[in-house]
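FYI, it's all coordinate maths here, none of it is from the lab. Predicted model, so just to flag it, every value in this text is computed and none were measured. Every residue, glycine among them, receives a Cβ derived from its backbone with ideal geometry; neighbour counts consider all protein chains shown.
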Amino acid sequence: MKTFPPDLDREKLPQHVAVIMDGNGRWATQRGLPRAVGHRQGVDTLKDLLRCCKDWGIGTLTAYAFSTENWHRPLEEVNFLMVLFERVLHQELAALQQEGVQLHFAGDLSPLPATLRRQMEEAMALTAQNQGVVFNVAINYGSRSEIVKACREIAQRVQAKELRPEDIDEILFAQHLYTAATGDPDLLVRTSGEMRLSNFLLWQLAYTEIYVTDVLWPDFNRREFHKALQDFQSRQRRFGKV
Ligand code: FPP
């Protein structure tokens, strides 16, 4: 499915898609393989989805790669994921740059391994001026702590008399979130059937259309994304109006 599906309306595409990439472990276990194989396969799925967004004209993709709660997984799996992020970033950066992808990382990067953090900061700086698809990777991301961080920063600005309490509105608040540059998703896709948000973008998803599929993340190919977009285009977005 390289070309744009003729049954979709280009005018009604989501401009920003977010994904909760769930089911890598189950995908591997079902095949009698180690969970790591599922994560590796999940990277390929993500790479193809990013390319699909570019091919079909979707401007921003946000992916939940590692939550603040994921540190509680077995140490071996956490270490594997950190090495995987480093390796993928190292291997893919030149191609992302060539394709004009603008990379962002959302989350508290400070507890990440220093080499990974440096790589991420360099990748953001290198791609900051790119005009292609915006690729926002949530790493060590938790929505509640993001909201607390925003409150703390705003309180400090009020204390410094840089702002008055009455200056605080939704626009200002959103400027203190990790997504200040990328905005709110139009469509959230969650794979592997779980009906929850798992501390992902709680503020930003206020009016987002949610699509949950039983398909496990490594199997979420263009055909499945096409179904999600068909479903999205069948919805009436009213934003609270009639
Ligand atoms: C959820 O599946 C997946 C993760 C916690 C990791 C997702 C990470 C990737 C796909 C790699 C992304 C790579 C980059 C460079 C951004 P799970 O392990 O929770 O699956 P399960 O629910 O079946 O156990």
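Numbers at a glance
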quantity	calculated
Rotationally averaged projected area of the chain (alpha carbon convex hull; nm²)	14.9 nm²
Whether the range 102-242 is rounded, prolate or oblate, judged on the alpha carbon gyration tensor where a/c under 1.5 counts as rounded	oblate
Cα pair distances in the range 3-96, grouped into 10 Å bins until the bin that holds the longest one, percent each	13, 41, 30, 14, 2
Total formal charge among the other residues, if their Cβ is under 10 angstrom from that of residue 132, Lys/Arg +1 and Asp/Glu -1	0
Extension gain (nm, one decimal) between residue 194 and residue 219, 0.36 nm per residue minus Cα-Cα	7.4 nm
Theoretical FRET efficiency, 1/(1+(r/R0)^6), r = Cβ-Cβ of residue 168 and residue 86, R0 22 Å, to 0.05	0.05
The range 191-242: chymotrypsin sites (Phe, Trp or Tyr not before Pro) in DSSP loop, at most 14 other beta carbons within 10 Å	207, 239
Lys pairs, the chain - Cα-Cα below 17 angstrom, 8 or more residues apart or on other chains	5
C-alpha center-to-center spacing [the range 22-81, the range 184-242] in angstrom	17 Å
Charge context of residue 55, other residues only, Cβ under 13 angstrom, K/R +1, D/E -1	+4
